[in-house]
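For reference, the structure is listed below as structure tokens.
The values are calculated or read from the model by the stated rules, or taken from the named source; none is laboratory data. Predicted, not measured: the structure shown is a model, and the values here were computed from it. We place every Cβ from the backbone using ideal geometry, glycine too, and count neighbours over all the protein chains shown.
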Amino acid sequence: MLVLSRKAQEGVIINDNIEIKIAQIDGDTVKLAIKAPKEVSIHRKEVYESVKKGNEAAFKDKGETKVPFALVEGLKKKQVR
Amino acid sequence: MVLETNIIEDSESTMTQSIKEPTNQLSRDGSRLTLPNGIVGFPEFKHVEVVYKEDELPFMHLREINEDGLEFIVPEPYGHFPGYDVEISKEDLEQLGIEKAEDVHLMNIVAVDPNTGNATINLAAPLVFNKNTLEGKQVIIKNVQHFSATHSLNAEEEKE
């Protein structure tokens, strides 16, 4: 991980096409302005990590792909409402 | 049974439309779908298909089109979550070539705990597909704070 210090309004350029600027510093909160090509996804780290963990938990090993019967029944009941 | 799902664009460019949709053809006709960037944490999960067993409906499986590929449980998206209004950013919509809500097909990944049989569904990061191109990506919705990545599906719980 590259660590460097910037003051407000200073920035970094990544890969020639991604720019991160320190837009504002307010106490312990730093506001970042990020410019990147639209195919580059940008997420708050904790949100990304939680989605990744969720995907990992959802991955089914071959042979373990049966949907629990109770789940199907439960969802059917909800549908009927 | 028909429910509405609203797709709301980012505030900078507002496109708000409701879509009413019965069982979606995209899921049931054996379409092959592509996720050019895979999904979060699984960038190789690109060429996939939807398969299902009658007795497991409305749950289906999304799996890689190769021998030992990854597989996820996904329910048919519409009709289960009233008020599931997703806000998808303009960038994500553009990347998928989606111009209107009718072009969108959503799938949510279900995680089942093998020990307890409890299941949760990820409402915060649906798989968003363009029905015309059959391409999609996992999108972390903009109003992510309103929906859980681990929304419980257990029958005993009354959801609000």
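Within region B:56-74, identify whether any single residue is of a type in the set (S, T, N, Q), at the interface with another protein chain (Cβ under 9 Å from one of its Cβ atoms) and in a loop (DSSP other than H, G, I, E, B), and answer yes or no. First the steps, then the outcome.
Our first condition is that a residue be of a type in the set (S, T, N, Q); within region B:56-74, this holds for B:66.
Those left that are additionally at the interface with another protein chain (Cβ under 9 Å from one of its Cβ atoms): none.
Scanning region B:56-74, I find no residue that is of a type in the set (S, T, N, Q), at the interface with another protein chain (Cβ under 9 Å from one of its Cβ atoms) and in a loop (DSSP other than H, G, I, E, B), so the answer is no.
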State which residue is modelled with the highest pLDDT when the search covers only region A:48-71 and only residues that are facing another protein chain (nearest Cβ under 7 Å) and not in a helix (DSSP H, G or I). A:Phe59
Looking at (1) modelled with pLDDT under 85; (2) within 25 Å of A:Arg44 (Cα to Cα); (3) touching an Asp or Glu at 6+ places or on another chain (Cβ under 7 Å), which one does B:Pro114 not meet, given that it meets all the others? (2)
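So, B:Phe72, is that one buried (at least 18 other Cβ atoms within 10 Å of the Cβ) and at pLDDT 80 or above or not?
Answer is yes for this residue.
In region B:101-126, how many residues are among the hydrophobic types (A, V, I, L, M, F, W, C), facing chain A (nearest Cβ under 10 Å) and within 11 Å of the chain's Cα centre (by Cα)? Before the answer, list the steps.
We begin by selecting, within region B:101-126, every residue among the hydrophobic types (A, V, I, L, M, F, W, C); these are B:101, B:104, B:106-107, B:109-112, B:119, B:121, B:123-125.
Next, from what is left, pick out any that are facing chain A (nearest Cβ under 10 Å): B:109-112, B:119, B:121, B:124-125.
Pick out the ones that are also within 11 Å of the chain's Cα centre (by Cα) and you get B:109-110, B:121, B:124-125.
Within region B:101-126, residues that are among the hydrophobic types (A, V, I, L, M, F, W, C), facing chain A (nearest Cβ under 10 Å) and within 11 Å of the chain's Cα centre (by Cα) number 5.
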So B:Leu153 passes all but one of these: (1) under 28 Å from B:Glu91 (Cα atoms); (2) touching a residue at least 40 places away in the same chain (Cβ under 8 Å). Which condition number does it fail? (1)
Do we have A:Val30 as more than 7 Å from chain B (Cβ to nearest Cβ) and at pLDDT 85 or above here? yes
Unmet requirement for B:Asn154, which otherwise passes all of (1) more than 25 Å from A:Glu46 (Cβ to Cβ); (2) in a strand (DSSP E or B): (2)
